[in-house]
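The values are calculated or read from the model by the stated rules, or taken from the named source; none is laboratory data. As the structure is a prediction and not an experimental result, all values here were calculated from the model. Glycine also receives a Cβ, built like all others from the backbone with ideal geometry; neighbour counts cover every protein chain displayed.
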Amino acid sequence: MKKLIAGNWKMNGSWAETRNLTENILKAIEAESGLADKCDFAIFPPYLYIGVAKEVLTEADSPLVYGAQDCALNGNGAYTGDVSAAMLRDFGCEYVILGHSERRQYHGETDDVVKKKAAMAHAEGLKTIICIGETESERAAGLEKRVVGTQLSGSMPESATIMNTVIAYEPVWAIGTGKTATPADVKDMHGFIREKLQERIEIAKNMRILYGGSMKPGNAAELLATPNVDGGLIGGASLDAGQFLAIAKAA
Ligand code: 13P
């Protein structure tokens, strides 16, 4: 399976920085022959700067696609401050990240909300990256598989297919902390997720499962070589074109 290397820029950058970073990543992918045959690439700027990425990535067959970090639960209408899946698709987004732990933690998003958003995104033709992952205290209590299993079945809508859905396992305690799950932990959890996907047999084998949480050039090779790790969802290191590309090369 081709690896997906995805950069979640979170709430970072400016107009000028977004332009530079997008251009630098695109140039670096194009300069490295064969890389785009081995990896798919996606970037997720903040809503306001998606248009800047769009301006840079004008080629129809660009090796780098873009998406948003969230979308609204509802279709267009009287929802002040929201951005709909339809608008994202209209803006050329290919993907939307849903259920990131920062959305779950700071905006109270439940599995049910994530599932409804994903169904809406699929109906509009977007691909979704659905994030799941346990907190440190849940892992300490030995509950990580129960939590991840519940999130997985609760957050993935019926409309999910291998074409429109990617799962991202992001242990909350590893996000932005420099603590990475060990390859053994990742192997174990990704194997569990793959097994759990058997409940939907038609998607089980080929649905991509990404790892996210302090992935860096130094640990990427080992993590990306772990069974059932089909790519990375990268935060901090995706804000630097060199590091982002080094992770892809490690794959
Ligand atoms: P870091 O790579 O900064 O730990 O962030 C991971 C993440 O949350 C990606 O969505």
(message) If I ask for residues that are at pLDDT 95 or above, among the aliphatic types (A, V, I, L, M) and under 20 Å from residue 165 (Cα atoms), which ones from the range 1-43 would you list?
(response) 4, 5, 6, 42, 43
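Please note which helices (runs of 4 or more DSSP H) are completely contained in the range 6-60 and include at least 2 residues that are without any contact (Cβ under 8 Å) to a residue 24 or more places away in the chain and over 22 Å from residue 230 (Cα atoms).
On the way: elements: 15-31, 35-38, 50-56.
Ranges flagged: 15-31.
Give the residue, chosen from 152, 210, that is touching a residue at least 24 places away in the same chain (Cβ under 8 Å), within 16 Å of the ligand (Cβ to nearest atom) and either crowded, with 18+ Cβ neighbours inside 10 Å or under 19 Å from residue 40 (Cα atoms) (or both).
210
Go over the candidates 61, 112 one by one and state the one that is modelled with pLDDT under 95 and more than 15 Å from the chain's Cα centre (by Cα). Outline the logic, then answer.
On the way: 112 fails: modelled with pLDDT under 95.
Just one listed residue meets the conditions, 61.
Can you find a residue in the range 80-87 that is part of a helix (DSSP H, G or I), within 16 Å of the ligand (Cβ to nearest atom) and surrounded by fewer than 19 Cβ atoms within 10 Å (Cβ to Cβ)? Give the steps one after another, and end with the answer.
Within the range 80-87, the subset part of a helix (DSSP H, G or I) is 85-87.
Still in the running and within 16 Å of the ligand (Cβ to nearest atom): none.
No, the conditions are met nowhere in the range 80-87.
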(message) For the range 14-27, which positions are surrounded by fewer than 19 Cβ atoms within 10 Å (Cβ to Cβ) and not basic (Lys, Arg)?
(response) 14, 15, 16, 17, 20, 23, 24
(request) Look through the range 166-211, keep the residues that are touching a Ser or Thr at 6+ places or on another chain (Cβ under 8 Å) and β-branched (Val, Ile, Thr), and return whichever of them is nearest to residue 6 (Cα to Cα). (result) 166
(message) Six or more apart or on different chains, Cβ atoms under 6 Å: show the pairs whose first residue is in the range 88-106 and part of a loop (DSSP other than H, G, I, E, B) and whose second is within 11 Å of the ligand (Cβ to nearest atom).
(response) 99/131; 100/131
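On the phi < 0 side of the Ramachandran plot, near the ligand (Cβ under 9 Å from one of its atoms) and touching a Lys or Arg at 6+ places or on another chain (Cβ under 6 Å) - does that describe any residue in the range 236-245? Steps first, answer last, please.
Narrowing the range 236-245 to residues on the phi < 0 side of the Ramachandran plot: 236-245.
Then drop every residue that is not near the ligand (Cβ under 9 Å from one of its atoms), which leaves 236-239.
Among the residues that remain, those that are also touching a Lys or Arg at 6+ places or on another chain (Cβ under 6 Å) are: 237.
Scanning the range 236-245 turns up at least one residue that is on the phi < 0 side of the Ramachandran plot, near the ligand (Cβ under 9 Å from one of its atoms) and touching a Lys or Arg at 6+ places or on another chain (Cβ under 6 Å).
Yes or no, residue by residue, for (1) assigned to a helix (DSSP H, G or I); (2) in contact (Cβ under 8 Å) with a residue 24 or more places away in the chain; (3) surrounded by fewer than 19 Cβ atoms within 10 Å (Cβ to Cβ); (4) aromatic (Phe, Trp, Tyr):
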{"position": "67", "(1), (2), (3), (4)": "no, yes, no, no"}
{"position": "71", "(1), (2), (3), (4)": "no, yes, no, no"}
{"position": "77", "(1), (2), (3), (4)": "no, no, yes, no"}
{"position": "112", "(1), (2), (3), (4)": "yes, yes, yes, no"}
(request) Kindly indicate whether residue 139 is basic (Lys, Arg) and farther than 19 Å from residue 9 by Cβ. (result) yes
(message) For the list (1) of a type in the set (S, T, N, Q); (2) modelled with pLDDT of 95 or more; (3) in contact with a Ser or Thr (Cβ under 9 Å, 6 or more places away or on another chain), I need the number of the one condition that residue 150 fails.
(response) (3)
(request) Go through (1) touching a helix residue (DSSP H, G or I) at 6+ places or on another chain (Cβ under 6 Å); (2) over 21 Å from residue 103 (Cβ atoms); (3) within 16 Å of the ligand (Cβ to nearest atom) one by one and return the number of the condition residue 218 breaks. (result) (1)
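Yes/no matrix, rows are residues, columns are (1) at pLDDT 95 or above; (2) assigned to a helix (DSSP H, G or I); (3) near the ligand (Cβ under 9 Å from one of its atoms); (4) buried (at least 17 other Cβ atoms within 10 Å of the Cβ):
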| site | (1), (2), (3), (4) |
| --- | --- |
| 161 | no, no, no, no |
| 177 | no, no, yes, no |
| 190 | yes, yes, no, yes |
| 197 | no, yes, no, yes |
| 201 | no, yes, no, no |
| 223 | yes, yes, no, yes |
| 228 | yes, no, no, yes |
| 233 | yes, no, yes, yes |
